[in-house]
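Asker: Pasting a structure below so you can have a look.
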Amino acid sequence: MFRNLYADTRKIFFSRGFSGGISAILVYQLLGSLLLWLLTVLLVEGQMASEDIAFSFTTIAAFVVTASTLFVNQGDFEDGCIRNKLISGVKRSDAFLSAVISGMLQGVLLSFVAFVASMITLPIFSKGFMNYTIPEVADYWLIITMSCMAIGAFSTAVIMIFGGSKISYVVGLAIAFVMRVLDTYILDKLYPEKGHCTLTGAKLVLFKFIDRFIPYSYLSMEPHWDTISYIVGCGGLILISTLVGLFVFSKKEIH
């Protein structure tokens, strides 16, 4: 198990999917910060708050983590690595769990890269935080990292379930896109800019559940639930992805 995990972890750093994810983060952070600075300072003639830059990664986080994990793990099926592991005696459960853990690690590493990039650009383009204290910034980034871990586990489980099929790209990225659109709609209904929330009954319960316990939602708005809720949400997605993925992968024929 540990030797397999070491090989999967080492593979991350030599994968074009992972390096592509890092490149996307750096380009988005730099260009996004520059564009916001131009709009704020030159057009509005104001000063840009640091929070506008510090958490910009949340806009693309789900897509970057999903694409990176899918690309890295699909290569194992294309080059026959998964099949060779099973032939050499590696248990299916060990191969699956190793892949999921490496997917979670990718989420952590990509979040760390985004954090460092944002901290570097902060003093260049902004004048300091206006609505956040340092502990609140740290808490927000912790939640972002946990969310990316959970999404990394989920997207890895998806590609293992589909046996490396190209359809896993469609499913994984489609889920990220749908959740982004759905979260925008849900937040608009739960926290309208004008007036009060008018939702009632089952719809209110469902919308609150998604907002409170689905990690994709954590990337759409600043933290507003208790820490336990975020831990339960991320832990729940990881656990469900692992259990369902293990069951399906154990029955799947690997070509």
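The values are calculated or read from the model by the stated rules, or taken from the named source; none is laboratory data. In this text the structure is predicted, and so the values were computed from the model without any measurement. Using ideal geometry, Cβ is built from the backbone for each residue, glycine included, and neighbour counts are taken over all protein chains shown. All accessible areas refer to the heavy atoms of the entire protein, side chains included, with ligands and DNA or RNA removed. Shrake-Rupley method; radii C 1.70, N 1.55, O 1.52, S 1.80 Å.
Asker: Quickly run through segment 27-60 and pick out the residues that are more than 27 Å from Leu142 (Cα to Cα), among the small types (Gly, Ala, Ser) and part of a helix (DSSP H, G or I).
Answerer: Scanning segment 27-60 gives no hits.
Asker: Of these, Val108, Val100, Val90, Val72, which one is touching a residue at least 12 places away in the same chain (Cβ under 8 Å) and in a loop (DSSP other than H, G, I, E, B)?
Answerer: Val90
Asker: In segment 69-101, how many residues are open to solvent by less than 50 Å² (accessible area, probe 1.4 Å) and farther than 15 Å from Ser147 by Cα?
Answerer: 19
Asker: Taking Ala61, is it in contact with a Leu (Cβ under 9 Å, 6 or more places away or on another chain) and over 23 Å from Ile120 (Cβ atoms)? Lay out the reasoning, then the answer.
Answerer: Numbers: in contact with a Leu (Cβ under 9 Å, 6 or more places away or on another chain): yes; over 23 Å from Ile120 (Cβ atoms): no.
Considered against the rule, which asks whether it is in contact with a Leu (Cβ under 9 Å, 6 or more places away or on another chain) and over 23 Å from Ile120 (Cβ atoms), Ala61 comes out as no.
Asker: Here is a follow-up. Being in a helix (DSSP H, G or I), under 21 Å from Leu237 (Cα atoms), open to solvent by less than 10 Å² (accessible area, probe 1.4 Å) and modelled with pLDDT of 90 or more narrows it down to one residue among Ser168, Ser147; which is it?
Answerer: Of the residues listed, the single one that is in a helix (DSSP H, G or I), under 21 Å from Leu237 (Cα atoms), open to solvent by less than 10 Å² (accessible area, probe 1.4 Å) and modelled with pLDDT of 90 or more is Ser147.
Asker: Follow-up. Can you tell me which residues in segment 182-234 are under 20 Å from Ser155 (Cα atoms) and in contact (Cβ under 8 Å) with a residue 40 or more places away in the chain?
Answerer: Passing the criteria: Pro215, Tyr216, Tyr218, Leu219, Ser220, Tyr230, Ile231, Gly233, Cys234.
Asker: Might you let me know whether segment 178-185 holds any residue that is under 12 Å from the mean Cα position of the chain (by Cα) and surrounded by fewer than 20 Cβ atoms within 10 Å (Cβ to Cβ)?
Answerer: Yes, segment 178-185 has at least one match.
Asker: Quick one: is Leu30 aliphatic (A, V, I, L, M) and touching a Gly at 6+ places or on another chain (Cβ under 9 Å)?
Answerer: no
Asker: Being surrounded by 19 or more Cβ atoms within 10 Å (Cβ to Cβ) and either among the aliphatic types (A, V, I, L, M) or out of contact with any helix residue (DSSP H, G or I) (no Cβ under 7 Å at 6 or more places or on another chain) (or both) is the filter here, so list the residues in segment 56-68 that pass it.
Answerer: Ile60, Ala61, Ala62, Val64, Val65, Ala67
Asker: Among residues belonging to segment 21-40 that are small (Gly, Ala, Ser) and surrounded by 15 or more Cβ atoms within 10 Å (Cβ to Cβ), point out the one that is nearest to Gly152 (Cα to Cα).
Answerer: Out of the qualifying residues, it is Gly21.
Asker: Now for a separate question. Ala117 - would you say it is aliphatic (A, V, I, L, M), out of contact with any Pro (no Cβ under 7 Å at 6 or more places or on another chain) and farther than 30 Å from Val244 by Cβ?
Answerer: In short, yes.
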